[in-house]
1. Fewest to most neighbouring Cβ within 10 Å: what's the order for 96, 64?
2. Between segment 30-67 and segment 126-183, how far is it from one alpha carbon centroid to the other, in angstrom?
3. I need the phi-derived Karplus couplings for segment 4-21: 6.51 cos²θ - 1.76 cosθ + 1.60, θ = phi - 60°, integer Hz, Gly and Pro marked x.
4. So how do 175, 107 line up by other beta-carbon neighbours within 10 Å, fewest first?
5. With a ≥ b ≥ c the root eigenvalues of the C-alpha gyration tensor of segment 50-111, is it rounded (a/c under 1.5), prolate (a/b larger than b/c) or oblate?
6. Using θ = phi - 60° and the Karplus relation 6.51 cos²θ - 1.76 cosθ + 1.60, list the HN-Hα couplings for segment 46-57 in order, rounded to whole Hz, with x at every Gly or Pro.
7. Taking the Cα centre of segment 1-86 as the origin and placing charges on Cβ (Lys, Arg +1; Asp, Glu -1), which of 29, 60, 72 is farthest toward the positive end of the dipole?
8. Please give the contour-minus-distance gain from residue 28 to residue 13: 0.36 nm per residue of separation, less the Cα-Cα distance, rounded to one decimal in nm.
Amino acid sequence: MLLVNGGEAMVDAPVLRTGGVPLVPEGFVWPDCRECGEPMQFLAHLPLDEGAVAVFFCQSDPGMCDDWDATAGANRAFVFSGGLSAATVPAEGATMLGAVTALRPHSADTPTAEPVLGRLGGEPDWIQNDETPDCPSCATRMAFTAELEEGSDFATSANFGGGGRGYVFHCRPCSEAAFLWQT
Ligand SMILES: [Zn+2]
Ligand SMILES: [Zn+2]
């Protein structure tokens, strides 16, 4: 499935979206970047059958931290399940994208006039080499979940190094998720 621009969404909409506020379980602590210590930016909410993946990456000083790397500690992806509600966003820092954009699934077989902003399921379309991460808990190859394009609007899109692409993975048995991007 392609993901096309589905228009502006509410900040806490329980839909597939980039930007806005993450939906989190009770007791959630907003992730800080392991490299610079600043709060990360919330990037995407991806509903799954069993919950949702929430993706964060460090944008405190773009280009300084290894926010493209699945394991450097400058990004985080969580699998959340159960009752989720809108997180409290830290008062300081580059914590939110410039806009909230719904991503609408669209069959790859049907032409669309809407900008393609990502893809759901199937196989990752790597720009560079295959960098499928291993699950940090069970060490098996993680399942590809979704791809996110950088987008064309500088004010509102994610920063993947200029025309890059983000990749989201998860391990269902372990409720682990991972994120990386390539350019
Ligand atoms: Zn950082
Ligand atoms: Zn696992």
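Laboratory data are not the source of any read-out in this text; all were calculated from the coordinates shown. Nothing here was measured: the structure is a model prediction, and the numbers come from that model. Glycine gets a Cβ as well: all are built from the backbone with ideal geometry, and neighbour counts include every protein chain shown.
1. Going from sparsest to densest Cβ surroundings: 64, 96.
2. Each part reduced to its Cα centre gives a spacing of 12 Å.
3. Working through the residues one at a time gives 10, 4, x, x, 6, 10, 5, 4, 10, 4, x, 10, 4, 7, 9, x, x, 10 Hz.
4. Listed from fewest to most nearby Cβ atoms, that is 107, 175.
5. prolate
6. Computed from phi, the couplings for segment 46-57 are 10, x, 10, 4, 9, x, 7, 9, 10, 10, 10, 8 Hz.
7. The listed residue farthest towards the positive side: 29.
8. On the way: separation 15, 0.36 × 15 = 5.40 nm, distance 1.81 nm.
This chain segment gains 3.6 nm when fully extended.
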